[in-house]
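The values are calculated or read from the model by the stated rules, or taken from the named source; none is laboratory data. Everything numeric here is computed off the predicted structure, so don't read it as measured data. Neighbour counts are summed over all protein chains in view; Cβ atoms, including those assigned to glycine, are modelled from backbone coordinates with ideal geometry.
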Amino acid sequence: MTPSSLPRPDLLRRWLSVLLRGLHLVAVIGLGAALLGAPAEHASGITRLAAAVAASGGAMFALDLWRKPRQLFEVAGVGVLAKLILVGSMIFDGAPRLTLFWIVVVWSALFSHAPATFRHARLIGPRRQP
């Protein structure tokens with residue numbers, strides 16, 4: 001289906017997803033730079049950047065769940081929830097921020113490039129029949 005043939009709500013949801021992903025990337029890059037020593041008003045700037053990463057990531061996840069609610073019960077959905085918890089903890093506890101950042105980056109790379117059979121495997125509820 002080409003973008004012009006998508007129903008209007010699907011097209012709007014797609015562009016909202018693109019916008020959120022762009023904002024999320026900017027926030028992740030800003031957080032990484034700040035954690036690695038770039039000026040970010042130190043603790044308060046890093047906290048705001050972590051909050052921006054969590055908020056944009058949470059919004060993307062909510063948009064994905066709106067389209068496909070069953071994702072919450074798949075490996076990918078549980079993985080996103082775990083990442084949100086780790087990033088959320090960066091907002092409240094400054095000590096392990098750099099370690100948590102790298103865990104989330106590696107986790108994200110592994111999950112985004114893992115086979116679909118792994119990412120979409122159901123953890124809870126009935127399994128889909130082939």
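Annotations
- Flag for ILE103 being more than 30 Å from ASP10 (Cα to Cα) and in contact with a Lys or Arg (Cβ under 8 Å, 6 or more places away or on another chain): no
- Residue that is farthest from ALA27 (Cα to Cα) [pool: residues in the stretch 56-79 that are aliphatic (A, V, I, L, M) and in contact (Cβ under 8 Å) with a residue 24 or more places away in the chain]: VAL75
- Test: residue in the stretch 99-107 that is within 13 Å of the chain's Cα centre (by Cα), surrounded by 17 or more Cβ atoms within 10 Å (Cβ to Cβ) and free of Cβ contacts under 8 Å to residues at least 40 places away in the same chain: yes
- Scanning the stretch 1-46 for residues that are more than 30 Å from PHE92 (Cα to Cα), modelled with pLDDT of 80 or more and either among the hydroxyl-bearing types (Ser, Thr, Tyr) or in contact with a strand residue (DSSP E or B) (Cβ under 6 Å, 6 or more places away or on another chain) (or both) returns no hits.
- Qualifying residue in the stretch 53-70 (condition: of a type in the set (Ser, Thr, Tyr), out of contact with any Gly (no Cβ under 8 Å at 6 or more places or on another chain) and under 30 Å from ALA33 (Cβ atoms)): yes
- Some residue of the stretch 33-45 being closer than 29 Å to PRO9 by Cα and surrounded by fewer than 17 Cβ atoms within 10 Å (Cβ to Cβ): no
- Number of the exception - ASP64 against (1) more than 25 Å from LEU12 (Cα to Cα); (2) in a helix (DSSP H, G or I): (1)
- Hey, MET90 crowded, with 16+ Cβ neighbours inside 10 Å, hydrophobic (A, V, I, L, M, F, W, C), modelled with pLDDT of 95 or more and not in a loop (DSSP other than H, G, I, E, B) or not: no
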